[in-house]
Amino acid sequence: MKNSFSIQNAVQLRRLVFSALFLALALVMPFLTGQIPQIGSMLCPMHIPALLCGFVCGWPWGLAIGFIAPLLRMVMFGMPPFYVAIAMAFELLTYGLVSGIMYRKVFKKQTVGTLYGSLLTAMVAGRIVWGIVKVILSGIAADAGAFTFAAFISGALLNAIPGIVVQLILVPAVVVALQKAKLIEALSAEKA
């Protein structure tokens, strides 16, 4: 009984540490990609830590870090702007939620195929939620700006192609590397 309790505490502590790391990455990565003026914002740097948090720590942690990261970055650094941060908070929340649920609950076996299936599902769901929130914000606040279907396609797909490619390459590579290094073995064995 005591051993089971200490293992559970160790797993929760590891999730907390990984989540803090992903939050820190979400706050810092935009500074790094911002150094590439042509495509820096197109790389969607805050998306990667939210997705990774869902995969590595599970949906509750991914949801929390995804929601907090853009809002905390807005408060700390003034970027992204208010309405962008609100929409991003719900988008990244969805990434962390869906990636964690799909990978750990829906797909019973964790393979590279289920990793990609979970990633693609999370990416599509997050972009849909982002679009819905942008529509709601444009209806509520005049200074949020109009949001059309063309703006959705442009923001969710066309302008995000470099970020989508990076996410499809980097997220599975990091998750597989962490699993092979047995750094997240205990997390995968436990229910999120």
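The values are calculated or read from the model by the stated rules, or taken from the named source; none is laboratory data. Model, not experiment: these values are computed from the prediction. Methodologically, a virtual Cβ is constructed for each residue, glycine included, from the backbone with ideal geometry; neighbour enumeration extends over all protein chains shown. Just the protein is used for accessible areas: all its heavy atoms, side chains included, with ligands, DNA and RNA removed. Shrake-Rupley method; radii C 1.70, N 1.55, O 1.52, S 1.80 Å.
Using a 1.4 Å probe and counting only protein heavy atoms, arrange ARG73, ARG14 so the residue with the most accessible area comes first.
Details: ARG73 15, ARG14 95 Å².
Largest accessible area first, the residues go ARG14, ARG73.
Which order do the peptides 121-128, 34-41, 49-56, 153-160 come out in when sorted by mean C-beta neighbours inside 10 angstrom, highest first?
Values: 121-128: 20.1, 34-41: 11.5, 49-56: 30.6, 153-160: 14.5.
Per-residue Cβ counts within 10 Å, averaged per peptide and sorted highest first, yield 49-56, 121-128, 153-160, 34-41.
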Add -39500 (n - 2.57) for each DSSP H run of 4 or more in the chain, then divide by its residues: what number comes out at 222 nm, to the nearest 500 deg cm²/dmol?
-25000 deg cm²/dmol
Taking θ = phi - 60°, what integer Hz values does the Karplus form 6.51 cos²θ - 1.76 cosθ + 1.60 yield along the range 35-42, in sequence order, with x for Gly and Pro?
6, 10, x, 5, 10, x, 6, 6
C-alpha long axis of helix 112-140 to longest principal axis of the chain, angle in °
40 degrees
Within the accessible area of the range 25-70 (1.4 Å probe), percent carbon and sulfur
79 percent
Determine the order of THR148, THR111, THR94 by accessible area, beginning with the largest, at a probe radius of 1.4 Å.
THR148, THR111, THR94
Write down the accessible area per residue of the chain in Å², having rolled a 1.4 Å probe over the full set of protein chains.
51 Å²
Computed from these coordinates, which is Cα extents along the principal axes in Å: (i) 48, 42, 29; (ii) 58, 33, 32; (iii) 60, 35, 28?
(ii)
In degrees from 0 to 90, rounded to the nearest 10, what is the angle of the helix 47-57 Cα long axis to the longest principal axis of the chain?
20 degrees
Under Karplus coefficients 6.51, -1.76 and 1.60, residue-wise ³J(HN,Hα) of the range 90-96 in Hz, glycine/proline x
6, 5, 5, 4, 5, 4, x
